[in-house]
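Input: a single structure, listed below in structure tokens.
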Amino acid sequence: MKTLEELKAVYRLPLPDLIFRAAEVHRKHHDVRDIQRCALLSIKTGGCPEDCAYCAQSARYNTGLDSTPLMSVEEVRQRAEQARRLGATRFCMGTAWRGPRDGQQFDQVLDMVREVRALGMEACVTLGMLTDDQARRLAQAGLTAYNHNLDTSRRHYSNIITTRTYDDRLETLRAVQRAGISVCCGGILGMGETEDDRLMLLAELAALDPPPESIPINCLIPIQGTPLENAEPVNGLELVRLIATTRIVFPRARVRLSAGRDRMSRELQVLCFLAGANSVFFGDRLLTAPNPDATEDAELFRAMGLSGQRMRDEG
């Protein structure tokens with residue numbers, strides 16, 4: 001199921017039918033009680049030369065964000081240990097780079113990956129564009145997954161980003177796959193795209209070989225000072241439809257309910273889980289954006305009958 005028309009036929013099913021079909025696929029390939037909790041840490045914040053219209057970390061926009069240097073390996077290890085105690089099984093690290101430069105800082109990131117893996121956690125990084133050699137070295141360090149989102153459809157992409165091309169992003173994904181690292185790749189809703197754009201993004205992801213093992217679905221968090229600061233909120237039922245369609249098209253992937261959860265009701269989040277989402281990022285920050293804190297999430301999972309201990313054991 002890779003064509004736009006095929007995806008439309010699924011996405012436009014009556015909502016009860018769509019959710020039921022997605023739930024069937026979900027139960028066939030996953031334990032529905034297993035909602036993986038991931039922690040996301042900005043290990044180098046701000047000062048990015050890219051012009052992504054949604055991003056507070058771009059040096060081109062006045063968002064009031066203070067730039068910070070790369071964190072120490074020891075500090076990252078401590079944050080990973082804390083996340084593990086709170087139930088995270090995957091620890092994700094992000095840098096505000098166009099791409100890493102070989103040398104001391106990249107070696108430092110490799111050491112961070114090794115420390116996270118030594119804790120028994122999955123390790124994921126997002127560092128921007130990679131060369132084949134850098135991807136190979138990350139694989140040797142034990143990296144579980146590399147996050148590099150396509151963000152939106154190819155046709156809408158130039159409205160959001162001009163400092164790198166869609167094919168630049170795809171080439172990084174291919175380098176990651178050639179190195180044997182799992183791909184984490186998704187998009188952002190609420191950037192002025194159409195329904196077709198959202199489905200065309202899924203078609204691009206489905207064309208990857210192999211398809212991503214992890215697909216984060218983000219809702220834009222408008223940041224004052226960025227070109228998208230006045231963007232309209234994402235319609236909740238459209239989000240549910242996209243998650244359900246993603247689950248059907250990518251039956252084995254982790255579909256990650258990512259940015260924007262702080263603006264969602266508990267009921268909307270539960271509906272997303274029923275539609276096939278089976279991972280969340282927890283902690284009060286997602287890189288630089290707000291997120292529900294661990295206490296709120298623990299209460300949500302208890303209300304759903306999913307204990308934190310069970311999720312740690314099985315996640």
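The values are calculated or read from the model by the stated rules, or taken from the named source; none is laboratory data. Keep in mind that what you see is a predicted model, and the values were worked out from it rather than measured. Positions of Cβ are generated from backbone atoms using ideal geometry, with glycine treated the same way; all protein chains shown enter the neighbour counts. Areas reflect the complete protein model, heavy atoms only, side chains present, ligands, DNA and RNA absent. Shrake-Rupley method; radii C 1.70, N 1.55, O 1.52, S 1.80 Å.
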> Excluding same-chain residues fewer than 8 positions from LYS28, which lysines have a Cα within less than 29 Å of its Cα?
Replying inline: LYS2, LYS8
> Rounded, prolate or oblate: which one fits region 158-270, using the alpha carbon gyration tensor with axes a ≥ b ≥ c (rounded when a/c is under 1.5, else prolate when a/b beats b/c, else oblate)?
Replying inline: oblate
> Under a point spin-label approximation (7 Å from Cα along Cα-to-Cβ), what is the ARG27-ASP102 distance to one decimal in nm?
Replying inline: 5.3
>> Heavy atoms of the protein only, probe of 1.4 Å, neighbouring chains included. What is the accessible area of TYR166 in Å², nearest 10?
In response: 10
> Counting DSSP beta bridges in the chain, what percent are antiparallel, to the nearest 5?
Replying inline: 5
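Can you send over the carbon and sulfur percentage of the accessible area for region 34-89, probe radius 1.4 Å, protein chains only?
For region 34-89, the apolar C and S fraction of the accessible surface comes to 46 percent.
Using a 1.4 Å probe on the protein heavy atoms, what percent of the accessible area of region 129-248 belongs to carbon and sulfur? Kindly include the intermediate steps, with their values, before the conclusion.
Numbers: 2060 of 4360 Å².
Taking all protein chains in place, region 129-248 shows 47 percent carbon and sulfur surface.
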> For the chain, what does the alpha-carbon gyration tensor say about shape, rounded, prolate or oblate, given a ≥ b ≥ c as the root eigenvalues, a/c under 1.5 as rounded, and a/b over b/c as prolate?
Replying inline: rounded
> Taking only protein heavy atoms and a 1.4 Å probe, what accessible area per residue, in Å², does the chain have with all protein chains in place?
Replying inline: 43
